[in-house]
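Shown next, in structure tokens, is the structure this report addresses.
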Amino acid sequence: MEKRTLGSTGLEVSALGFGGGPVGFLGTEQNRVAEILNFLLENGVNFIDTAAGYPGSEEAIGNAVGHRRDEFVLVSKCGQAFDDLEGEAWSATVISQTVDRALRRLKTDHLDVMLLHSCDQEVLEKGEAVAALIKARDAGKIRHVGYSGDNEAAVYAAGLEAVDVIETSVNICDQANIDMLLPEAVKRDIGIIVKRPVANAAWMGVGEQPGFYANYTTTYAERFISMGITAGDLGFDDDAAWPEIALRFTLSQPGVTTAIVGTTNPSNAARNIAATAKGALPDATIAKIRTAFSNAESAAADQWVGQR
């Protein structure tokens, strides 16, 4: 498994990472979570991403691989208010309590990165949320401060001295951050985690994905249809190749460190590992996907912004 340096953090992480959203939202059985995570760790994937807002995900990950903590880089997200915690959303109080709760749930004494989970730029400008993470970093509870989001807010976050890592959307149907954010990330040595790198299987169409993906699936599926591109146009045999095409497209973008794929199926995890091992797509293939996106966006009524 290829390893990449996560910006200025110095952390060496696998190009393919694990996204903990689905195992939480879909209520995946603990044995299945353990099976997937142990399989990934044994095959070179050393990056695990979760969030306080993914119901049950932190607990499931902690129970599955907490005993292997020294084998992977661990990221979670915070900022929202919760019934069992004090404080309003994005307050120092709720962030501090969320960090402490994450440590208990994930069975660890530190997180490698804690991200503010898709707050607006106004929250970043206010400074309280970022300051709360700096305090947690200085206390040794987290190693690095980060932000999860897109578009102008993500670019603003990249300019903050405390921010070392940004998680953002980059995929065949979501290319705004390739031009808007990634060049700034490279310039400032910001580690980039990519969410939704396979575009929620947009080629499958609307209604074919589990419920919590519904909004993203609709947007991406509509964009994919508008792009009017086939696997054959890109030199692949049939549409069965789209998961590989999509993942390799994302990992081919300059500035991307790791792409997190959430799965509840061990066989899908194995296919993602195999696709990652094939490396970057040819430049000509990338150019065709970029052109298809650009042409379709130009014909659309609205700009295709990054999806939160």
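Quick notes
- With respect to the conditions (1) modelled with pLDDT under 95; (2) crowded, with 23+ Cβ neighbours inside 10 Å, VAL75 falls short on a single one, namely (1).
For every residue, the table says whether it meets (1) charged (D, E, K, R); (2) in contact with a Gly (Cβ under 7 Å, 6 or more places away or on another chain); (3) assigned to a helix (DSSP H, G or I).
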| position | (1), (2), (3) |
| --- | --- |
| ARG271 | yes, no, yes |
| ALA274 | no, no, yes |
| GLU297 | yes, no, yes |
| TRP304 | no, no, no |
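- Taken together, the residues in the stretch 97-122 that are within 21 Å of ASP49 (Cβ to Cβ) and outside any strand (DSSP E or B) amount to 16.
- For the stretch 27-37, the tally of residues that are within 30 Å of ALA89 (Cβ to Cβ) and either crowded, with 18+ Cβ neighbours inside 10 Å or modelled with pLDDT of 95 or more (or both) stands at 3.
- Taken as a whole, the condition of being within 13 Å of the chain's Cα centre (by Cα), touching a residue at least 24 places away in the same chain (Cβ under 8 Å) and under 25 Å from VAL45 (Cβ atoms) applies to ILE192.
- Residues in the stretch 38-64 that are in a helix (DSSP H, G or I) and either out of contact with any Lys or Arg (no Cβ under 9 Å at 6 or more places or on another chain) or buried (at least 23 other Cβ atoms within 10 Å of the Cβ) (or both): PHE39, LEU40, GLU42, SER57, GLU58, ALA60, ILE61, ALA64.
- Among residues of the stretch 9-25, those that are closer than 18 Å to LEU251 by Cα and modelled with pLDDT of 95 or more, counted: 8
- Flag if GLU297 is over 23 Å from GLY17 (Cα atoms) and surrounded by 16 or more Cβ atoms within 10 Å (Cβ to Cβ): yes
- SER226 being under 20 Å from THR291 (Cβ atoms), touching a residue at least 60 places away in the same chain (Cβ under 8 Å) and hydroxyl-bearing (Ser, Thr, Tyr): yes
- Qualifying residue in the stretch 50-70 (condition: of a type outside the set (Gly, Ala, Ser), closer than 23 Å to ASP189 by Cβ and touching a Leu at 6+ places or on another chain (Cβ under 7 Å)): no
- Count - residues of the stretch 218-254 that are touching a Pro at 6+ places or on another chain (Cβ under 9 Å) and buried (at least 21 other Cβ atoms within 10 Å of the Cβ): 5
- Boolean, LYS278 is basic (Lys, Arg) and within 29 Å of SER8 (Cβ to Cβ): yes
- Test for LEU40: is it under 26 Å from LYS278 (Cα atoms), at pLDDT 95 or above and more than 13 Å from the chain's Cα centre (by Cα): yes
- Residue within the stretch 208-221 that is under 23 Å from LEU6 (Cβ atoms) and either at pLDDT 95 or above or of a type in the set (Phe, Trp, Tyr) (or both) present: no
The values are calculated or read from the model by the stated rules, or taken from the named source; none is laboratory data. Fair warning: this is a prediction, and the values are worked out from it, not measured in the lab. Because the Cβ atoms are built from the backbone with ideal geometry, glycine has one as well, and the counts that use them run over all protein chains shown.
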